[in-house]
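Student: My structure is below; once you've seen it, I'll send some questions.
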Amino acid sequence: IWSQVPLAPPDAIFKITAGYKADTSDKKVNLGVGAYRDDDGKPWVLPVIKKATQILCNDPALDHEYLPITGLPEFTAAAARLILGADSEAIKGKRVVSVQTISGTGANHLGALFLSRFYAFNGEKRVYLSDPTWANHHAIFKTVGITPVNYKYYDPRTVGLDCDGFLGTLESAPERSVVLLHACAHNPTGVDPTTEEWNKIADVFLKKGHYAFFDCAYQGFASGDLDRDASAVRYFVQRGVPLLVCQSFAKNAGLYGERVGALHLVAEDTEAAERIRSQMSVLQRSEISNPPAHGARLMALIMNTPELMDEWKRDIKTMAHRIIDMREELYKLLTNDFKTPGTWNHITKQIGMFSFTGLNSSQSQTLTDKYHIYLTNNGRISMAGLNTKNVRYVAEGIDKVVRG
Ligand code: LMR
């Protein structure tokens, strides 16, 4: 009965992890998935997470009952403050709908599903996605019947932002289009708009009545500062651009497997927020019933305890700064030591967990096949996979494939 089911290709990112695991070479390096590693290439359980886990485990009142459908209120409220700001007028005005989700992917899905049901699309249901974007964005929107369309974003000639192209697509898109924006640390390019560019983008959103669908998976990873990395979202809220934000705690708290995240929709008033919340609850109930408790309890404890919050901020700085050090090191090795043809300053200019090296797909494939260095075939490398022990080996590999 299933003969008509076609075989699907493996996931582009997770197949790299599988290939890396199966590789028996002692030289192998995984620069595929965006997951933080310490200087020994090991997953890092944040010290603040260890501390919070201990506190939770010692709590005799801890049970395993269901959470409310929209999640743990202490978590969703703190998560909203984290992204929108503790002094957010939208929060004070009770016009933010916050729902706990299965990490950032679940937030994207719930947001997309909600829009597909209730947004007044101008013609065909479409979402504008940056070219390129996280591959899963395409799949998530298609699943709910929204067609992805590209907007210009990355300029391969400058290895930077094509701001005019971006603004041009926004101008020519139909009014009230839904546009997905990476709040910070753009995945996969590591290229973010400057403050001035965000201003211009917001102008066009307001002029055309576009809807901003923010994905914020890397708050803290761009600059090492949670508030600074939320500034584009906060600025759009302040300007009155209609929007929602998908939030993940996978990367900035190292809680990849706990699936802890949230969706925040900023509505025009409290009454609209009430109606939206009621519909979000209905959607959530039919999809997951209620979200998982453990990760949300950890983050609620951390975000609502000033000393733990300070410690979390220090842990985020540790991760962000190690990545920045690796950017500098890779840049120095390619430029000074190997004198690799081409310019490499984009490596230090780009932001967050990834660098879009500019390597083409055959160079990327050669890095994997010949040097056991794993990366996506668009030339994206996860900077978090580099460390003081393997960065020279990786630079040498890049040098060799560039020289052909
Ligand atoms: C990535 O882009 O590597 C991460 O966001 C992990 C994922 O889920 O794809």
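Student: What is the order of K313, K21, fewest Cβ neighbours within 10 Å to most?
Tutor: Ascending number of Cβ neighbours within 10 Å: K21, K313.
Student: State the Cα centre-to-centre distance between region 357-404 and region 224-284 in whole Å.
Tutor: 35 Å
Student: Beyond a 25 Å Cα-Cα separation, which of these cross-linked pairs lie in this structure: K28/K142; K28/K332; K142/K349; K339/K370; K21/K152; K21/K389?
Tutor: As for pairs spanning more than 25 Å Cα to Cα, those are K28/K142; K142/K349; K21/K152.
Student: Would you grab the residues whose amide H sits under 5 Å from the one on Y154? Only those 5+ places off in sequence or on another chain, please, with H modelled 1.01 Å from N.
Tutor: Those qualifying (amide H under 5 Å, at least 5 residues apart or on another chain) are D131, D162.
Student: Considering only C-alpha atoms, what is the centroid distance from region 308-329 to region 13-52, in Å?
Tutor: Their Cα centres are 17 Å away from one another.
Student: Between K42 and Q238, what's the calculated FRET efficiency when r is the beta-carbon distance and R0 is 51 Å? Round to 0.05.
Tutor: Working: r = 41 Å, r/R0 = 0.80.
About 0.80, to the nearest 0.05.
Student: Semi-axes of region 73-304's equivalent ellipsoid from the Cα gyration tensor, sqrt of 5 times each eigenvalue, largest first, rounded to whole Å?
Tutor: Values: eigenvalues 129, 80, 61 Å².
Output for region 73-304: semi-axes of 25, 20, 17 Å.
Student: Taking the inverse of the average 1/r across all pairs of different Cα atoms in region 236-280, what Kirkwood radius in Å do you get?
Tutor: Mean inverse Cα-Cα distance, inverted, gives 12.2 Å.
Student: Now a separate question. Looking at region 162-236, which trypsin sites (Lys or Arg not before Pro) are DSSP coil and have at most 16 other C-beta atoms within 10 Å of their C-beta?
Tutor: Of the trypsin sites (Lys or Arg not before Pro), the ones in loops of region 162-236 whose Cβ has at most 16 other Cβ atoms within 10 Å are R176.
Student: Test of understanding: in a Gaussian network model of the chain with alpha carbons linked when under 10 Å, which of N252, N345, N377 would top the mean-square fluctuation ranking?
Tutor: Largest GNM mean-square fluctuation: N345.
Student: For region 272-288, just list the computed ³J(HN,Hα) in residue order, Karplus coefficients 6.51, -1.76 and 1.60, θ = phi - 60°, integers in Hz, with x standing in for Gly and Pro.
Tutor: Values per residue, Gly and Pro as x: 5, 4, 4, 5, 5, 4, 4, 6, 4, 4, 4, 5, 4, 4, 6, 9, 10 Hz.
Student: Please say if region 127-245 is rounded, prolate or oblate, where rounded means a/c under 1.5 for a ≥ b ≥ c the square roots of the C-alpha gyration tensor eigenvalues, and otherwise the choice is prolate for a/b larger than b/c and oblate otherwise? Before the final figure, lay out each step's value.
Tutor: On the way: a/c = 1.22, a/b = 1.13, b/c = 1.09.
Because its axes are fairly even, with a/c under 1.5, region 127-245 counts as rounded.
Student: Let me ask another. Rounded to the nearest 500, what is the 222 nm mean residue ellipticity of the chain from helices alone, with -39500 (n - 2.57) per DSSP H run of 4+ residues and division by all residues?
Tutor: It lands at -13500 deg cm²/dmol.
Student: Another question about this same structure. Taking the chain, how much of its Cα-Cα pair set, in percent, is spaced more than 38 angstrom apart?
Tutor: So the portion of pairs separated by more than 38 Å is 20 percent.
Student: Cut-off 10 angstrom, C-alpha nodes, Gaussian network model of the chain. Which of G111, G93, G220 fluctuates the most?
Tutor: Highest fluctuation of the listed residues: G93.
Student: Roughly how many Å is it from the Cα centre of region 85-152 to that of region 158-222, as a whole number?
Tutor: Region 85-152 and region 158-222 have Cα centres spaced 14 Å from each other.
Student: Residue by residue, what Karplus-based ³J(HN,Hα) values in Hz, rounded to whole numbers, does region 120-136 have, using 6.51, -1.76 and 1.60 with θ = phi - 60° and x for Gly and Pro?
Tutor: Values, residue by residue: 7, 5, 8, x, 4, 6, 9, 10, 8, 10, 5, 9, x, 9, 4, 4, 5 Hz.
Student: List the relative contact order of region 73-304 as a percent without decimals, with contacts defined as Cα pairs under 8 Å and 6+ residues apart.
Tutor: That works out to 29 percent.
Student: Another question, if that's okay. Pop out the ³J(HN,Hα) list for region 223-234 in order, Karplus 6.51 cos²θ - 1.76 cosθ + 1.60 with θ = phi - 60°, rounded to Hz; leave Gly and Pro as x.
Tutor: 10, x, 10, 4, 5, 4, 6, 9, 5, 5, 4, 5
Student: What number, in percent, do you get for the relative contact order of the chain if the mean sequence gap of Cα pairs under 8 Å and at least 6 apart is divided by its residue count? Please report the intermediate quantities before stating the final value.
Tutor: Numbers: 721 pairs, mean separation 103.9, N = 404.
Relative contact order here is 26 percent.
Student: Test of the criteria: in region 318-362, which trypsin sites (Lys or Arg not before Pro) are in a DSSP loop and have at most 12 other Cβ atoms within 10 angstrom of their Cβ? Provide the component values of the computation, followed by the final result.
Tutor: On the way: sites: R322, R327, K332, K339, K349; in loops: K339.
Loop-located and lightly packed - K339.
Student: Right, another one. In what sequence do C57, C216 fall when counting other Cβ within 10 Å, fewest first?
Tutor: Fewest-to-most Cβ neighbours within 10 Å comes out as C57, C216.
Throughout, read-outs are computed from the coordinates displayed, never taken from laboratory work. Keep in mind it's a predicted model, so treat the numbers as computed, not measured. Note that each Cβ is placed from the backbone with ideal geometry, even for glycine, and that neighbours are counted across all protein chains shown.
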